[in-house]
1. Name the long-range amide H neighbours of Ser35: under 5 Å, sequence gap of 5 or more, or other chain; modelled H, no Pro or chain starts.
2. For the residues Ile68, Ile99, what sequence is obtained by ranking on other C-beta atoms within 10 Å, fewest first?
3. Suppose every K and R has +1 on its Cβ and every D and E has -1 on its Cβ; what is the size of the dipole of segment 59-107 about the Cα centre, in Debye to the nearest 20?
4. Which order results if Asp44, Asp110, Asp52 are arranged by neighbouring Cβ count within 10 Å, fewest first?
5. Among His95, His78, what is the fewest-to-most ranking by other Cβ atoms within 10 Å?
6. Which of Lys54/Lys94; Lys16/Lys94; Lys16/Lys58; Lys58/Lys94 have a Cα-Cα distance over 19 Å?
7. Just subtract the alpha-carbon distance of Glu32 and Lys56 from 0.36 nm times their residue separation and send over the number in nm, one decimal.
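Here, each number is a calculation from the coordinates, and none is a lab measurement. This one's a predicted model, so the numbers in the text were calculated from it and none came from an experiment. Here the Cβ positions follow ideal geometry from the backbone for every residue, glycine too, while neighbour counts run over all protein chains shown.
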Amino acid sequence: MLRRGLAEAPSSLVVKNDNVEGGRPLFDDNPEPPSQPDIVVEADNTSPVVSDVKYKDKPERTDLNQVITYGACYRSKHVFLIYQKPEYGTPRRKHLGRIEGLNLNSYAFDLGSANIEEEEPCYAMGRFRR
C-alpha cells in the first residue's frame with residue numbers, strides 16, 4: 001500500500017517492513033533485542049521516517065512509548081503512530097509533540113472507507129510531504 005502511494009517519490013526512497021526484514025538492534029551496544037518497527041522509510045541523506053501500526057481506534061501510552069523508542073533507535077526526526085480512525089472520526093495526520101528533535105505524529109487511517117484505494121494516497125502523501 002505505502003509503496004504504491006509513493007510511486008511518484010524519488011527512486012532513492014526505500015520502504016521496509018522491519019518486522020519482516022529484521023530491523024536493527026534496539027541498543028547500540030547489544031545485538032538483542034531487535035527493534036522491529038512496522039514501517040521504515042529511508043531516502044538518501046535524510047533520517048528515516050519510522051512508523052508503527054496499531055489496530056485500535058485509540059492508541060495507549062505504551063504505544064507512544066514504543067514508537068518513540070523506535071525513533072530514538074533509528075535516529076529519526078519523524079515518527080508516526082498509525083491507527084484506525086474512530087467510527088465517527090476523521091482520517092487525518094496530527095502532530096502530537098516533539099522530544100529533542102524527534103517529531104511524534106499520528107495518522108488515523110479510515111479502514112472502513114467505501115473505497116480504500118482512495119484512502120491510501122491520502123495516507124502516503126499526508127505522511128511524507130513535509
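1. The answer is Arg24, Leu26.
2. Numbers: Ile68 20, Ile99 11.
Sorted ascending by nearby Cβ count, the order is Ile99, Ile68.
3. My answer is approximately 220 debye.
4. Numbers: Asp44 9, Asp110 18, Asp52 24.
Lowest to highest Cβ neighbour count: Asp44, Asp110, Asp52.
5. Values: His95 10, His78 21.
With the sparsest Cβ surroundings first, the list reads His95, His78.
6. Details: Lys54/Lys94 15 Å; Lys16/Lys94 23 Å; Lys16/Lys58 25 Å; Lys58/Lys94 13 Å.
In this structure, Lys16/Lys94; Lys16/Lys58 exceed 19 Å between Cα atoms.
7. Numbers: separation 24, 0.36 × 24 = 8.64 nm, distance 2.82 nm.
Full extension from Glu32 to Lys56 adds 5.8 nm.
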